[in-house]
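Each remark here refers to the structure printed beneath this line.
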Ligand SMILES: Nc1ncnc2c1ncn2[C@@H]1O[C@H](COP(=O)(O)OP(=O)(O)OP(=O)(O)O)[C@@H](O)[C@H]1O
Ligand SMILES: Nc1ncnc2c1ncn2[C@@H]1O[C@H](COP(=O)(O)OP(=O)(O)OP(=O)(O)O)[C@@H](O)[C@H]1O
Ligand code: SF4
Ligand code: SF4
Ligand SMILES: [Mg+2]
Ligand SMILES: [Mg+2]
């Protein structure tokens, strides 16, 4: 399948995920990631959004080879593309190879990172450790200077270097974690909800810093967040997940203007406007399907105002819809854009980007 | 009826640093009221003292000075009083990864406060209450969720367990520190609507700490803006968010994304990492303020700029004269 977006001539992949599936083993296994296909371009910022519990963190853990039992990769592959064209099969690495690969190529700011610092070491000790390991040429004085510089980069007073994690606010801890990841200078940086505790001013400063460093060092970022407006602002490309699958993917501008998948529409439409009318603020009625079920239908069907019979009987493939308003940009997993399955052309209102939530009472359970 | 009166609350921390120790005023003389049946949103800079303030209100941290009165009385510090207080005043912590016990199931997290504060319940009543709580925070199917441990849940799912736990004892005051920051819009709106309903139906008083100005506006009656330990602006939510007056609130507002709105965002942001020294007598924003004047080296009192709308900024000094 051609997953390469067409929005940029210079686009070349740094990471390709093919058919990735992850289960959490249990009496009824949880199929948290289901046949995900995704490609990340070199130096690109890919935004990843989707419902709480839909598998975003699991996907990031799997790609970084950080899954622990009961989680298991049950299918698919992840390929890392080196700048010289060589490829690494990430799932085939082990031992020292894997350690070196993770250390040099990938870095991850974990969700809940504000809780991931070592509670008994000062910020300085923890930053210095990372610097010593990654920039062995630095001497003590230089490390001290780098530490201060890093904190300033993320807007924390360098005098806080001697503080312990519990003496920092939630957002300050998040910023220390971001600073640490930046020391690693990876090819691919995963950031899982890295800014939940940051005010919008600081958030902007940090995002500007990340985009600047990205331009300077050329790393790619997978940015996971629930904040759609933030995502639209920072990402080159966006992937939307629902119930373990990617249901839509494409260039940010296209996705903003002409979202194809009704779930994407719902997400974009339910975002409360700062200045707008507060009446009728509600999300998308209905509930996410149980991830222990195997889904041979559209997972969004119960909640979708556009569903038809085919949606309950067949899982829509994630494919390009060249005749849709999206043209050649991106893919969506929705029958409504495939007249041969849906029976008719896509409804006008869908093309106009309307999401009229079906009432809770209409939702079939 | 006023539920909660916060008066002149101060929290100082001592910080180690290279040259010795230093004092930090994390909360610097904060006063406000939190009333039954209404929500106050607390927004502000990261590190401005919001969580510290909430932890003092929850009695998890003793204030350096100042007091909190409940229905006009200062609550005693004895064991009985503290226990009653903790049932009435519940907190949702900012970090759901740290605030749940890794060894306990979801069911245990919820049934404990129910048993402790909910009176005598049979085990089937207890189960029913637990399931209802889970339904309310959209953790379904409840019978499958109760047996899970925190590490088996996603970030947003943990956040919802934390909210359900806080609601379990039927509190009168809810201190919610970034309660929905890891939830998608849809669930986020569900939870905020739930808090809104409880506020109306059960006379809950809510302190909603958030970085999301849009939901701060839509889900609260009043907004407080904090900067470096101080409340720099307060007023009805529409006034503060739509017509901000303090230069810091304006900066915040201009940096907020607004997908549905029209005004473009322009203001360039001056990074500022340097903390204000504890003994500082001036306006805490003056190092970054484009309007700073010589008078700003004295701390500005609150000046009225509208009906119930106050801001601590010398720019509005003259408005007092007009108003009096
Ligand atoms: N150890 C586990 N055992 C069983 N199920 C698990 C386990 N860990 C996670 N899950 C389930 O797998 C699903 C995906 O979890 P994941 O953490 O990837 O979600 P997420 O998309 O990151 O959500 P959020 O936005 O809330 O962080 C969730 O429904 C979660 O309940
Ligand atoms: N136990 C402590 N010891 C020393 N300093 C502390 C302690 N707890 C908090 N602080 C400091 O007090 C200030 C206020 O922290 P607080 O956690 O209240 O901020 P916040 O407004 O909640 O920020 P955020 O939005 O980032 O969560 C910060 O400078 C923080 O470093
Ligand atoms: S496949 Fe059908 S149910 Fe699913 S999103 Fe498309 S129209 Fe809706
Ligand atoms: S008091 Fe002075 S420095 Fe402070 S915000 Fe107002 S004008 Fe700026
Ligand atoms: Mg997650
Ligand atoms: Mg906080």
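Taking (1) in contact with a helix residue (DSSP H, G or I) (Cβ under 6 Å, 6 or more places away or on another chain); (2) away from ligand 2 (no atom under 14 Å from the Cβ); (3) more than 9 Å from chain B (Cβ to nearest Cβ) in turn, residue A:149 satisfies each apart from (1). With the requirement that a residue be near ligand 2 (Cβ under 10 Å from one of its atoms) and assigned to a helix (DSSP H, G or I), what does segment A:166-189 give you? Passing the criteria: A:166, A:167, A:170, A:171, A:172, A:173, A:174, A:175.
Scanning segment B:69-86 for residues that are in contact (Cβ under 8 Å) with a residue 12 or more places away in the chain and surrounded by 17 or more Cβ atoms within 10 Å (Cβ to Cβ), which turns out nearest to residue B:3 (Cα to Cα)?
Step one: list which residues in segment B:69-86 are in contact (Cβ under 8 Å) with a residue 12 or more places away in the chain, which gives B:69-72, B:82, B:85-86.
Adding the requirement that they be surrounded by 17 or more Cβ atoms within 10 Å (Cβ to Cβ) leaves B:70, B:85-86.
Values: B:70: 5, B:85: 12, B:86: 14 Å.
Filtering first and then ranking leaves B:70.
Every condition in (1) over 30 Å from residue A:171 (Cα atoms); (2) without any contact (Cβ under 8 Å) to a residue 40 or more places away in the chain; (3) more than 14 Å from chain A (Cβ to nearest Cβ) is met by residue B:144 except one, and the failing one is (3). Just to verify a result, which residue in segment B:116-135, among those that are over 17 Å from residue B:161 (Cβ atoms) and without any contact (Cβ under 8 Å) to a residue 24 or more places away in the chain, is surrounded by the fewest Cβ atoms within 10 Å (Cβ to Cβ)? Applying the filter and picking the extreme gives B:120. Within segment B:1-24, being more than 8 Å from chain A (Cβ to nearest Cβ) and at pLDDT 95 or above holds for B:6, B:7, B:8, B:9, B:10, B:11, B:12.
Going by the conditions given, is residue A:282 modelled with pLDDT of 95 or more and not assigned by TED's automatic domain parsing to the domain that holds residue A:196? The answer is no for residue A:282.
State all residues of segment A:147-165 that are surrounded by 20 or more Cβ atoms within 10 Å (Cβ to Cβ) and touching a strand residue (DSSP E or B) at 6+ places or on another chain (Cβ under 7 Å); if no residue qualifies, say none. Correct list: A:163 only.
The condition of being more than 19 Å from residue B:168 (Cβ to Cβ), in contact (Cβ under 8 Å) with a residue 12 or more places away in the chain and either within 16 Å of ligand 3 (Cβ to nearest atom) or more than 14 Å from chain A (Cβ to nearest Cβ) (or both) holds for only one of B:66, B:44, that being B:66. All conditions in (1) within 25 Å of residue A:102 (Cα to Cα); (2) in contact with a helix residue (DSSP H, G or I) (Cβ under 6 Å, 6 or more places away or on another chain) hold for residue A:132, with the sole exception of (2). For segment A:76-98, which positions are outside any strand (DSSP E or B), surrounded by 12 or more Cβ atoms within 10 Å (Cβ to Cβ) and within 23 Å of the chain's Cα centre (by Cα)? Matches in segment A:76-98: A:90, A:91, A:98.
Kindly establish whether residue A:154 is in contact (Cβ under 8 Å) with a residue 40 or more places away in the chain and away from chain B (no Cβ under 13 Å).
On the way: in contact (Cβ under 8 Å) with a residue 40 or more places away in the chain: yes; away from chain B (no Cβ under 13 Å): no.
Against the criterion (in contact (Cβ under 8 Å) with a residue 40 or more places away in the chain and away from chain B (no Cβ under 13 Å)), residue A:154 does not qualify.
To keep it simple, each residue is scored yes or no on (1) within 16 Å of ligand 4 (Cβ to nearest atom); (2) farther than 18 Å from residue A:192 by Cα; (3) surrounded by fewer than 24 Cβ atoms within 10 Å (Cβ to Cβ); (4) more than 12 Å from chain B (Cβ to nearest Cβ).
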{"residue": "A:26", "(1), (2), (3), (4)": "no, yes, yes, no"}
{"residue": "A:30", "(1), (2), (3), (4)": "no, yes, yes, no"}
{"residue": "A:35", "(1), (2), (3), (4)": "no, yes, yes, yes"}
{"residue": "A:47", "(1), (2), (3), (4)": "no, no, no, yes"}
{"residue": "A:55", "(1), (2), (3), (4)": "no, no, no, no"}
{"residue": "A:60", "(1), (2), (3), (4)": "no, no, yes, no"}
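The set of residues in segment A:43-95 being out of contact with any strand residue (DSSP E or B) (no Cβ under 9 Å at 6 or more places or on another chain) and within 27 Å of residue A:253 (Cβ to Cβ) consists of A:52 alone.
Flag: residue A:201 matches the condition of being at negative phi, within 12 Å of ligand 2 (Cβ to nearest atom) and at pLDDT 90 or above.
Condition first: in contact (Cβ under 8 Å) with a residue 60 or more places away in the chain and surrounded by 11 or more Cβ atoms within 10 Å (Cβ to Cβ). Can you find one or more residues in segment A:63-71 that meet it? Yes, segment A:63-71 has at least one match. Residues that are touching a helix residue (DSSP H, G or I) at 6+ places or on another chain (Cβ under 7 Å), more than 16 Å from ligand 6 (Cβ to nearest atom) and at pLDDT below 90: does segment A:329-337 have at least one? So far as segment A:329-337 goes, no, none of its residues is touching a helix residue (DSSP H, G or I) at 6+ places or on another chain (Cβ under 7 Å), more than 16 Å from ligand 6 (Cβ to nearest atom) and at pLDDT below 90.
The values are calculated or read from the model by the stated rules, or taken from the named source; none is laboratory data. Values in this document were obtained by computation on a predicted structure and should not be read as measured data. Neighbour counts run over all protein chains shown; Cβ positions are idealised from the backbone, glycine included.
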